[in-house]
Amino acid sequence: MGDRFSIASLTTARTTQLIAKHFLTTFTLIFNPTKATKEYSMLLKQRQSKKAIQSTSKIFQCPEVLGAQHSVPLLDGSYVQQIFLDNAARTKPFRVVSDFIQQIEPYYSNIHRGTGFDSIFCTERYEEARHIVGDFVGWDCERDVVIPVRNTTEGMNLLANTISFAPGDRVLTTILEHHSSDLPWRSKAKVEHLPVNSQGQIDLQELERRLDPSKGRVRVVSMTGASNITGSVLPIHEIATLAHKYGALMVVDGAQLVPHRQVRMRPHSDAGHIDFLVFSGHKMNCPTGVGAVVGRRDIFAAAAPYQTGGGTISTVTVDSVTWAAPPDRNEAGTPNIMGLLALARTIQVLESVGMDAIDAHERELTALLLEKLNRIPQVKILGSSDPEAVEKRVGAVSFTVEGVPHGLVAAVLSYEWGIAVRNGTFCAQPLMKHLLNTNEDFICGSKSDNATSSSGNSSGAVRASLGLHNTEQDIETLVKAVTCIAQKQWKGNYEQDAATGEYLPGNFRFDFSLLPGFSTDPMIHCPASTPTRERRLPLIDRLPLITAGGIGALVTTFWACFR
Ligand SMILES: Cc1ncc(COP(=O)(O)O)c(C=O)c1O
């Protein structure tokens with residue numbers, strides 16, 4: 001399966017392209033040293049010792065992740081390799097996937113409708129990609145469909161607008177949910193949020209009590225596979241077994257689970273089967289703009305499409321329409337062809353590394369991070385902080401630092417350590433209220449969102465979230481940085497921006513103009529158009545035409561002279 005997308009002819013072209021690129025870079029370095037030294041890569045201050053890199057790679061071989069360690073500037077004018085710990089928000093793409101997109105781009109064409117070579121090629125690749133995505137999560141290709149979506153948010157909205165609800169129906173979910181997996185249900189049914197304990201886990205007995213049909217039918221149990229804040233992993237198959245016992249459908253938000261663990265939907269005959277699984281490519285080292293809903297064909301077939309238009313129909317008259325069968329019914333308009341192909345390629349890379357190997361690597365790093373953060377007295381981890389219990393969580397670790405607003409912690413990490421994290425309430429405000437034990441209303445992106453509240457609780461947190469490219473050295477540096485911050489050691493003079501609530505270091509701003517490939521000159525982005533090649537026939541094929549033209553010209557001349 002691994003080589004299904006490899007095309008021999010493209011490989012040769014790519015090799016030539018790479019050699020040319022290499023020569024060009026060498027040429028620039030030799031003949032234009034000023035420009036080259038300006039580039040960030042040349043200003044790099046090595047952060048990792050060779051020993052650290054080697055020791056990690058011996059344990060876990062990570063495929064190249066683009067930009068995971070490029071150099072970034074610091075407040076003091078130096079440059080370091082960035083430590084990217086914002087993987088729960090989005091991950092950086094694999095180089096293989098980026099190269100693959102470039103290889104396939106010239107063949108890019110619309111699918112299912114064209115008769116040209118490229119169109120047939122893309123249609124085949126697209127349907128193949130659909131199967132790769134489904135296989136990755138253990139679908140039943142007869143009874144399930146894979147519907148490409150933009151992201152998990154769109155996937156959850158698709159489901160909320162596809163599953164039929166009767167008046168009085170209930171949806172059971174948890175307080176752990178991301179807004180994207182909570183809000184779409186609210187206009188469809190009565191949504192109930194199960195509480196979680198200090199480890200970020202729900203009580204299964206409480207779930208069963210709530211499933212009692214005497215309180216109204218539970219149509220859907222929709223739960224996150226893993227929390228984007230506490231990292232807690234829910235026992236989705238046990239929950240599904242209970243949901244099915246009471247006739248409810250099981251929907252899993254896999255945004256934070258699918259990238260980190262091997263997820264299987266299980267056969268339909270299994271009580272713990274997942275009816276619908278939703279996830280985003282950009283959280284699993286694929287570029288943004290693509291995700292998938294994998295789930296029950298019969299439920300999609302029973303409902304009118306959420307979005308209508310081209311591609312969704314079987315027949316249309318001016319006053320009637322017959323919908324196509326799923327998945328076509330649910331893919332209105334031209335789909336994100338390149339996106340689905342990239343997602344499938346990403347999955348192939350993940351599979352070649354092995355989801356169990358990724359899981360083991362990330363668990364090890366998560367345990368290390370928890371253990372080290374636990375030793376900083378000012379740090380409070382949200383949810384489970386037990387390094388021994390990492391099988392019940394993924395590597396999204398959120399924490400507060402006593403006496404330092406989370407926005408300031410994140411700013412110092414970025415401007416003074418080159419560490420990328422996220423801070424705030426992470427699109428899960430009900431959970432943050434619960435974890436921070438506050439009644440405060442958060443206002444996203446506002447000053448209060450970044451401040452320390454009057455109750456002494458920070459109204460948000462800092463999140464370090466691990467990806468497969470992270471190393472022990474990354475954890476060591478983060479912990480060192482947080483230790484300094486907890487002791488109020490930073491160099492910058494940070495002020496809070498009144499409009500955004502962000503902490504900014506005096507007058508210092510990042511200068512993006514030195515980024516390689518970046519220019520404000522529009523001509524660099526829009527190279528002069530090359531003349532389109534004429535459709536010219538070979539000379540031999542043009543001879544009859546030339547002869548006829550010549551004879552015509554002679555006849556016309558004679559006629560004009562001698563008439
Ligand atoms: C658990 C969870 N669900 C859903 C989402 C929404 O994902 P997307 O932004 O890709 O739609 C996120 C995003 O961070 C998430 O962490």
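What the table below lists for this structure:
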item	result
Sequence-distant residues sharing a close amide H with Thr224 (under 5 Å, placed H)	Thr174, Asp253
Residues with amide H under 5 Å from that of Ile313, placed H, sequence gap 5 or more	Ala324
Ranking of Glu206, Glu64 by count of other Cβ atoms within 10 Å, fewest first	Glu206, Glu64
Order of Val220, Val65 under a 10 Å beta carbon neighbour criterion, fewest first	Val65, Val220
Karplus-derived HN-Hα couplings along the stretch 170-187 (A = 6.51, B = -1.76, C = 1.60, θ = phi - 60°), whole Hz, x at Gly and Pro	10, 10, 9, 9, 10, 6, 6, 5, 5, 3, 5, 9, 10, 4, x, 7, 4, 8
Given Lys215/Lys380; Lys433/Lys480; Lys188/Lys245; Lys283/Lys433, the pairs whose alpha carbons are separated by over 31 Å	Lys215/Lys380
Lys, Arg +1 and Asp, Glu -1 on Cβ, resulting dipole of the stretch 109-217 about Cα centre, debye, nearest 20	520 debye
³J(HN,Hα), Karplus 6.51/-1.76/1.60, whole Hz, each residue of the stretch 495-512, x for Gly, Pro	10, 8, 6, 4, 7, 9, x, 6, 8, 10, x, x, 8, 5, 9, 4, 9, 8
Descending semi-axes in Å of the stretch 112-352, equivalent ellipsoid built from Cα gyration tensor	30, 22, 14
Residues Cys122, Cys286, Cys141 arranged by fewest to most Cβ contacts within 10 Å	Cys141, Cys122, Cys286
Rounded Å value of the spacing that divides the Cα centres of the stretch 382-403 and the stretch 341-381	13 Å
For Met284, distant residues with modelled amide H under 5 Å away	Thr91
Shape of the stretch 79-174, Cα gyration tensor, a/c cut at 1.5	oblate
Share antiparallel - DSSP beta bridges, the stretch 112-352, percent rounded to 5	50 percent
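Bear in mind these aren't lab numbers, they're just calculated from the coordinates by the rules spelled out. The structure displayed is predicted, hence computed values, not measured ones. Neighbour counts are summed over all protein chains in view; Cβ atoms, including those assigned to glycine, are modelled from backbone coordinates with ideal geometry.
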